[in-house]
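Since every read-out is calculated from the coordinates, none of them should be taken as a lab result. Predicted model, so just to flag it, every value in this text is computed and none were measured. Neighbour counts are summed over all protein chains in view; Cβ atoms, including those assigned to glycine, are modelled from backbone coordinates with ideal geometry.
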Amino acid sequence: MTHDHPPGSLGEIAPADAGGGPSPLLELDRVSRIYGTGEAMVTALDAVSLRIMPGDFLSIMGPSGSGKSTMLGLLGCLDLPTTGTIRVGGHEVTAMGDAERSWVRGREIGFVFQQFHLIPHLDARGNVETALLYRGLKVRQRREMALAALDRVGLAHRHDHRPVQLSGGEQQRVALARALVTEPKILLGDEPTGALDSKNAENVMSIFASLQSPERAVVLVTHDPSVGEAASRRVRMRDGAIVADEVVEREMAR
Amino acid sequence: MKRLRELVGVALTGLFARKVRTALLLLGPTIGVAAIIAAVGLTDSAKGDLKRKVAELGTNLIEASAASAFGSQDPVLPEDAVERARTVTTVDSVSAVLELSNIVVTPYEEASEKFETVPVPVLAADVLLPGVLEVPLVSGRWLNDFDEQIGTRGAVIGIGLAREFEYLPGEVRSIVLNGHDYAVVGVLSAVELEPAFDNAVFISFQAADEDFVAADVMPNKLYVRAQDGTEDETAEALKVAVGLGGPTEVQTELKSEALELASQSDRQLQLIVVSMGLLAIIVGGIGIANVMSISVIQRSSEIGIRRALGHTRGTIALQFIFEAIVVGVLGGILGVGLGVLSIGVGVAIAGWVFTLQPVLVPAGIVLAVVISVLAGMYPAVRAARLEPLETLRLG
């Protein structure tokens, strides 16, 4: 994890409480998310608490309707809870405005989606560079960082290909490069292998596993047991609540 | 600065990636600006030759003539009218003439019957007249001091009369004024500001005194060049300076006034076509709002991912505003180009003089940008308000 940050560009949020053991990267504290009102009211998440620690390789599993997508939106600071607080690096995201929250999202969290969500008119490098925009970086810095990230997923040689020219597995690797180029503390995957064949899925999963580090957490939201069981910490959800949160020995997980 | 360049870069790649859509966006501002430029330019160009003529001839030639007081016939100015006029400090140059009456001009004696019916104006003029009028001679020379002192029977004729009399340049020829033979010593070029001079005969005051005027010969009209920009004050001052204490009143006239009036573009026509151009650019703006709104829906996934990557609502809105600015600038430039081309084609077909107020070029581009940005605001706000969670369809 030795990447040269330009001064002040990819600043990290300092932990709020420095004393005593590692502090959580991301913390949900009695978080509820309720959609709609009155008769149509749906409680998607019901007073859920979860602490994601540095070094976690965590999977969130559960059947559809269990609240995992809602959970993902909240973990990624894309959504706000109805009640409860969310802290990223000790800072209360639920008290922030859009600009601050976007800032936290852009610096602390990297997303990988099932549908890749690459921008179709940009080539692979352009897609990765999109994550580096508006940070005061020089064009050349941006370009070099994007190429380095593509190299880490083994796609440096295809940097000038557009998404339509890439296979599904390659597109997802570009998305991975885009997620990791900002060196986020939390890598969030939403069914990252859902649209891939088993060989590509394996490839992507091994990249995810390699990205886990003592400073970083990898969080995968999935209903696929083979993905979920690759993780060392497994959270199971049902009906908007966490029903299990178990840590499995690394050797066993492999 | 970097942020600005990044926004422009994102806008340009976004626009360049969707060429058909961008072409549709450009259509509105391009046609609108082209219509306005062409409308103003063509209506101006239609009068372009007159405008150029006014500029060429100058607007500072004043005619000061004796107005008849108490109905007296043939009013004249004081003998020292030229000296009096020169006392006005804003006067550059002065020349005096006397319009003579009851003189029959014929090319030769035998033709008198034919030419009696068409009177030819005969004027006594001083040596300065061509200089004040700023009109050269086609051939020969103007009346000189010698003519003035001796009263030689020499005459300068206008270019129209020269044609009518079939006078050849350099030909030794005389014309007959009331039976007196006058040698043609020169031909005066066309006098645009005083077209009557084209068919006139000019002789010296001394000759007029000897041959045609019973009383003392005195001028009845002055031609005065005023310093630029002082035309109106000079005209007023001349009335007093020349007329003071004299028996007649002096009236003044700016010789270019009629020509200037004729060179004015048809304001109403211009207003109508410019309104239509404005209408076109407003409709174009609505088109931009439309196409960009659809584009926001089509690009909702792109917007969602940009938000997930940390771009703020404001940045997303700015991205669309910058696309609108680029569309406005490009559309404005294309519109100005197309407008200038239309004027060029129109001018070539109609044989006008190309006229375009330079200020219209930046004005057209600014108008296109303003309309485009106004039109882009609604889609930009819509894009900013999109919820990333809704557009990303999480698994």
Quiz item: Which residue, B:Thr312, B:Thr90, B:Thr43, has the most motion in a Gaussian network model of chain B that connects Cα atoms within less than 10 Å?
Solution: B:Thr312
Self-check item: From the C-alpha gyration tensor of the range B:240-311, square roots of 5λ in Å
Solution: 68, 17, 7
Self-check item: About the Cα centre, charge dipole magnitude for the range B:1-105 (Lys/Arg +1, Asp/Glu -1 at Cβ), debye
Solution: 1720 debye
Exercise. Quantify how strongly other chains surround peptide A:111-118 by giving the mean number of their Cβ atoms within 10 Å of each of its Cβ atoms.
Key: 5
Quiz item: Reported to two decimal places, what Rg/Rh ratio describes the protein assembly as shown when computed on Cα atoms with Rh from the Kirkwood expression?
Solution: 1.38
Exercise. Note the full-extension length gain between B:Glu134 and B:Val8 as 0.36 nm times their separation in residues minus their Cα-Cα distance, in nm to one decimal.
Key: 39.7 nm
Exercise. Would you mind telling me the antiparallel percentage of the DSSP bridges in the protein assembly as shown, rounded to 5?
Key: 65 percent
Self-check item: Beta bridge orientation in the range B:120-208: antiparallel %, DSSP, nearest 5
Solution: 55 percent
Exercise. With r as the distance between the Cβ atoms of B:Gln264 and B:Glu171 and R0 = 41 Å, compute the FRET efficiency 1/(1 + (r/R0)^6) and round to 0.05.
Key: 0.45
Exercise. Name the residue farthest towards the positive end of the dipole of the protein assembly as shown from the options B:Asn220, B:Ile303, A:Leu72, assuming +1 on Cβ of Lys and Arg, -1 on Cβ of Asp and Glu, about the Cα centre.
Key: A:Leu72
Quiz item: What does the charge add up to near A:Thr70, with Lys and Arg as +1, Asp and Glu as -1, over the other residues with Cβ less than 9 Å from its Cβ?
Solution: +1
Quiz item: Looking at B:Thr152, A:Leu26, B:Leu271, which one has the Cα that reaches farthest to the positive end of the dipole of the protein assembly as shown (charges on Cβ: Lys, Arg +1; Asp, Glu -1)?
Solution: A:Leu26
Exercise. Quote the charge dipole size of the range B:59-262 about the Cα centre in Debye, to the nearest 20; the model charges only the Cβ of Lys and Arg (+1) and of Asp and Glu (-1).
Key: 180 debye
Quiz item: Relative contact order, percent, of the range B:59-262 when contacts are C-alpha pairs under 8 Å separated by at least 6 residues?
Solution: 38 percent
Quiz item: Net charge near A:Val218, counting Lys/Arg +1 and Asp/Glu -1 over other residues with Cβ under 11 Å of its Cβ?
Solution: +2
Self-check item: Rounded to whole Hz, the Karplus (6.51, -1.76, 1.60) HN-Hα couplings of the range A:109-122, x for glycine and proline
Solution: 10, x, 9, 10, 10, 4, 8, 6, 6, 7, 7, x, 8, 9
Exercise. Rank the residues A:Met41, A:Met205, A:Met53 as a footprinting-exposure proxy: fewest other Cβ atoms within 10 Å of their Cβ go first.
Key: A:Met41, A:Met53, A:Met205
Self-check item: Cα-based Kirkwood hydrodynamic radius, the range B:59-262, one decimal, Å
Solution: 17.4 Å
Quiz item: Averaged across the residues of B:297-308, what count of C-beta atoms belonging to other chains lies within 10 Å of each residue's C-beta?
Solution: 5
Exercise. List every DSSP H helix in chain B whose Cα atoms extend 15 Å or more along the helix's own long axis and whose mean Kyte-Doolittle hydropathy is at least 0.5.
Key: B:2-17, B:19-46, B:267-298, B:313-350, B:360-385
Quiz prompt | Unit charges on C-beta of K, R, D, E only; dipole of the range A:25-131, Debye | solution = 120 debye
Quiz item: Can you list residues whose amide H is under 5 Å from B:Val191's amide H, if they're 5+ apart or on another chain and H is modeled 1.01 Å from N?
Solution: B:Asp198
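Arrange the following residues from fewest to most other Cβ atoms within 10 Å of their Cβ: B:Lys239, B:Lys221.
Ascending number of Cβ neighbours within 10 Å: B:Lys239, B:Lys221.
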Quiz prompt | Scattering profile of chain B at q = 0.10, 0.13 Å⁻¹ [log10 I(q)/I(0), Debye over alpha-carbon scatterers] | solution = -0.76, -1.03
